[in-house]
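Visitor: Got a structure for you, questions after.
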Amino acid sequence: MTQGFDTLQVHAGTAPDPATGARQVPIYQTTAYVFRDADHAAALFGLQEVGYIYSRLTNPTVSALANRIAALEGGVGAVCCSSGHAAQIMALFPLMGPGLNIVASTRLYGGTITQFSQTFKRFGWSARFVDFDDEAAVAAAIDDDTRAVFCESISNPGGYVTDLPAIAKIADKAGIPLIVDNTLASPYLCRPIEHGATLVVHSTTKYLTGNGTVTGGAIVDAGTFDWSASGKFPSLSAPEPAYHGLKFHEALGGMAFTFHSIAIGLRDLGMTMNPQAAHYTLMGIETLSLRMEKHVANAKVVAEWLENDPRVDFVTYAGLASSPWNGRVEKICPKGAGALFTFAVKGGYEACVKLVDALQLFSHVANLGDTRSLVIHSASTTHRQLTPEQQQAAGAAPNVVRLSIGIENVEDLIADLDQALAAATA
Ligand SMILES: *Cc1c(COP(=O)(O)O)cnc(C)c1O
């Protein structure tokens, strides 16, 4: 990184608007762009010249956001799309085909487990879920048809931290990319590419936007993976029939994945981010480091307070000295373990439901990474479609409540939890 994170979060990917000098990135609310002449149009469609054609593919506001996220993650390129779930499909689309599989962590956002285990089947893809603390099991789950290894840096809902360098080593040895969902950490707390990730995916809906206004997603490419080393990734290494036989890796080198994702992924899947959403997320990212510092500081205080409260059975926050994953925080996310974790209320499911209803300052919503503190009972909501075994493995058992700690005054958050715990355990 040439400039510091705080500088990049307000400057990267954006220069004053060349047409007007506007200092803030304009919202280019347009579907199409006038070609200079027929040759220009042909050059753009042939990828001989980079420019704007149609906003399903690229838009200047969305591109500014993609470039900023790529800079913050330390990647060579990024593509934005309509949601975090879209980003997961877009990340896998160039790599996968019928009969192929991915090896994924059991500790994932519930919606991701459902997408991978159910909807993937419609494409002929499959996912094998493994405990990523069991490195031998991860290696053993990979076979000749595996095209990616997938995990979250800090995982939803438990705040568990993955040993990214260890997993990257296993993926490297198998010659397949490691894809890391970095939503919960944000690039301020963790930069998975520095730990060996090939692709980083985001739900920009969460901390990057930061205030619960728009959904969005992003895929960042490290630019380092050799797509031609094996015959496993023909969409990138062989003549691509969906783009008049272009060999993306040969023609575009480190930008092959990014160009493929735009020229074919966005073109044919159409999971496009709109410029208004990109604007909100650009505004959010300008204060990312300031917000994350406060999120983490508050989360630590709340987690420690809960851990010492007799009405609470346990707290999963990896930032607690008592957490089995505390040792990884220093290595993977030294600025903090994020601000999302679960805790078990004495009294189980009934007490959890009462607690959620009694909280007043915490909003009961299915979201995270908002400036506001949020609460949800994962087992009956975000992780509802999972089997009891999957819920347990994901850290979303019926006796735990998930908190997303906001940037309010921490004393007010504790006062709210205190009165709600009293109501829940009375
Ligand atoms: C929310 C979330 C997603 C899905 O993102 P959407 O923007 O809601 O589609 C994926 N991964 C994690 C870790 C999330 O928290």
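Quick note: the coordinates plus some simple rules give every number you see, no bench work behind them. No experiment lies behind these values; they were computed from the predicted model shown. Heads up, the Cβs are rebuilt from the backbone with ideal geometry, glycines too, and the neighbour counts pull from every protein chain shown.
Visitor: Could you grab me the full set of residues in the stretch 83-109 that are crowded, with 22+ Cβ neighbours inside 10 Å and over 19 Å from residue 242 (Cβ atoms)?
Guide: 84, 87, 88, 102, 103, 104, 105, 107, 108, 109 - these are the residues of the stretch 83-109 that are crowded, with 22+ Cβ neighbours inside 10 Å and over 19 Å from residue 242 (Cβ atoms).
Visitor: How many residues are surrounded by fewer than 17 Cβ atoms within 10 Å (Cβ to Cβ) and in contact (Cβ under 8 Å) with a residue 40 or more places away in the chain if we restrict to the stretch 225-243?
Guide: Number satisfying all stated conditions: 2.
Visitor: Identify, from the list 136, 171, 141, the residue that is surrounded by 24 or more Cβ atoms within 10 Å (Cβ to Cβ), out of contact with any helix residue (DSSP H, G or I) (no Cβ under 8 Å at 6 or more places or on another chain) and farther than 26 Å from residue 398 by Cβ. Spell out how you get there, then give the answer.
Guide: Details: 136 fails: surrounded by 24 or more Cβ atoms within 10 Å (Cβ to Cβ); 141 fails: surrounded by 24 or more Cβ atoms within 10 Å (Cβ to Cβ).
So the residue among 136, 171, 141 that is surrounded by 24 or more Cβ atoms within 10 Å (Cβ to Cβ), out of contact with any helix residue (DSSP H, G or I) (no Cβ under 8 Å at 6 or more places or on another chain) and farther than 26 Å from residue 398 by Cβ is 171.
Visitor: Given the conditions (1) outside any loop (DSSP other than H, G, I, E, B); (2) at negative phi, report the number of the one that residue 253 does not fulfil.
Guide: Just one mismatch for residue 253, condition (2).
Visitor: Please specify each residue of the stretch 50-98 satisfying the condition of being hydrophobic (A, V, I, L, M, F, W, C) and more than 16 Å from the ligand (Cβ to nearest atom). Break it down stepwise before answering.
Guide: Residues of the stretch 50-98 that are hydrophobic (A, V, I, L, M, F, W, C), as a first pass: 50, 53, 57, 62, 64-66, 69-72, 76, 78-81, 86-87, 89-93, 95-96.
Correct list: 50, 53, 57, 64, 70, 71, 72, 76, 95, 96.
Visitor: Here's a follow-up. Are any residues in the stretch 34-52 assigned to a loop (DSSP other than H, G, I, E, B) and buried (at least 16 other Cβ atoms within 10 Å of the Cβ), and if so, which ones? Spell out the reasoning first.
Guide: Step one: list which residues in the stretch 34-52 are assigned to a loop (DSSP other than H, G, I, E, B), which gives 34-37, 46-52.
Listed by number, the residues that qualify are 35, 47, 52.
Visitor: Does at least one position in the stretch 67-89 carry a residue that is without any contact (Cβ under 8 Å) to a residue 24 or more places away in the chain and among the hydroxyl-bearing types (Ser, Thr, Tyr)? Break it down into steps so the answer makes sense when it comes.
Guide: As a first pass, look at the stretch 67-89 and keep what is without any contact (Cβ under 8 Å) to a residue 24 or more places away in the chain: none.
Looking for residues that are without any contact (Cβ under 8 Å) to a residue 24 or more places away in the chain and among the hydroxyl-bearing types (Ser, Thr, Tyr), one finds none in the stretch 67-89, hence no.
Visitor: Is it the case that the stretch 333-344 has a residue that's within 16 Å of the ligand (Cβ to nearest atom), among the β-branched types (Val, Ile, Thr) and assigned to a strand (DSSP E or B)?
Guide: Yes, the conditions are met somewhere in the stretch 333-344.
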